[in-house]
Amino acid sequence: MDSIDWIIINKSLDGSLNDQESEILSEWLAESAEHRALYQKIKAYDSYSLSDEKFEQWRSEYTDVLSRLKQHRNRRFIRRKILVSTSVAAVFALVALFTLFLNHPEPGSVNLNESGEHSKVQLQLANGNWLDLDTIKENRLTGMDHVNVSSSDKTLTYQRADSLQQMEYNILKTERGGEWNVTLEDGTRVYLNSSSTLKYPVSFAGESRQVFLEGEAYFEVTHNPNKPFIVKTNDMNILVRGTSFNINAYPDYKIVRTTLVNGKIDVECSGNTHMILPGQQIVFEKETRSVKIQEVDTELYTSWKNGFYKFNETRLEDILAMLSLWYDVDVIYADESVKDLCFTSSGKMARYDNLMNLLKKFEYTNNVTFELNGKKLTVRKK
């Protein structure tokens, strides 16, 4: 599905999607990082309206905007065009939206120091300097020809740097509401979720490939039988030779989870080594130091990287802990009993959807209500 009806995009912004439309939006977002990047830009510029005073202005700009779109057709965020509704008003709304794209700086190119906003993604170089990746426009970092930056895809790509005289580490850090991807010099791809930190060598040396994780990340590890890949967290070491898996290891969570999608991993945890097979998850409880291995639907724990959420008898407290990191909100429970309510999603729930639009789906159960005031989300029993 290369295109999506503009009406669905518009309804998602005002929180009026029905279940079928929400499913369509989720599938479109899950298809590619390009779709998700475009949707983020649309959300950033959703302050337009269909008021009469704007209508004539948009119509007069229509021809000019079409010309500009042709000039910018190679820009990544318009390669996948949005299908426009036959509604005339919707046509001009879309024209106004693209006018904003072309006449205003992209969200990733705003100088955050001037705007007063806090960068959501930062990179620490080997010399200790921090870079705000939200503001990087160049394809390559100054003095680092072996690193390519793609702000539209939110991706860092490393090539092997044979000129390095010693092991050098970079640290990729995301704040709440941030996400980024990194392709390491061996081809391994890492999707870093919100409020997470990944420390890794610029170029791998020695007999193994070691990285360090705090938070959550999805790994697609390049196979190399002669140089195992090791992910180290505070409570687990994961030994890999070529596979795909998800690690959830937030320091303030009571549980650490590693979920294997394909391949095979050995997990060192609580003094023992456990072999994990595809479709299995190893769970470590920090308080009791206990370990459990269980069969799971891996999509429940990995769907975030594809732009949607999926729940199956998941506790509300666990759901909101996840959503609070992505939407950068603090959750307040007016009634503690709602924490143990369990929910199952009927389909895919769009990760890039408006927060309150997403939470309405939980309110339909008639068990719970939500109130958002700034960054405070209050949860009450209905």
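The values are calculated or read from the model by the stated rules, or taken from the named source; none is laboratory data. Remember, it's a predicted structure, so these values are computed and weren't measured experimentally. Cβ sites come from the backbone with ideal geometry, for glycine too, and all protein chains shown count toward neighbours. What goes into the accessible areas is simple: the full protein's heavy atoms, side chains included, and nothing from ligands, DNA or RNA. Shrake-Rupley method; radii C 1.70, N 1.55, O 1.52, S 1.80 Å.
What's the FRET efficiency of Asn366 with Asp330 using the Cβ-Cβ distance as r and R₀ = 22 Å, to the nearest 0.05? It would help to have the intermediate numbers written out before the result.
On the way: r = 25 Å, r/R0 = 1.14.
Step by step, r from the Cβ atoms, then E = 0.30.
If you put +1 on each Lys and Arg Cβ and -1 on each Asp and Glu Cβ, how big is the dipole of the stretch 219-363 around its Cα centre, in Debye rounded to 20? Could you put the intermediate results ahead of the total?
Working: 17 positive and 20 negative charges, 123 e Å.
In total the dipole reaches around 580 debye.
Report the one residue of Val283, Phe308, Met356 whose Cα lies farthest in the direction of the positive end of the charge dipole of the stretch 254-382 (charges on C-beta: Lys and Arg +1, Asp and Glu -1; origin at the Cα centre). Looking along the dipole axis, the top candidate is Met356. Placing Cys342, Cys269 in order of accessible area, with the largest value first and a 1.4 Å probe, yields Cys342, Cys269.
Computed with a 1.4 Å probe over protein heavy atoms only, the accessible surface of the stretch 133-275 comes to 43 Å² per residue.
Hull surface divided by four, with the convex hull built on the Cα atoms of the stretch 328-382: how many nm²?
On the way: hull surface 15.7 nm².
Result: a mean projected hull area of 3.9 nm².
Label separation (Ser32 vs His223): 2.8 nm, computed from points 7 Å beyond Cα along the C-beta direction. The length gained by stretching the chain between Tyr169 and Met356 to full extension, at 0.36 nm per residue less their Cα-Cα distance, is 63.4 nm.
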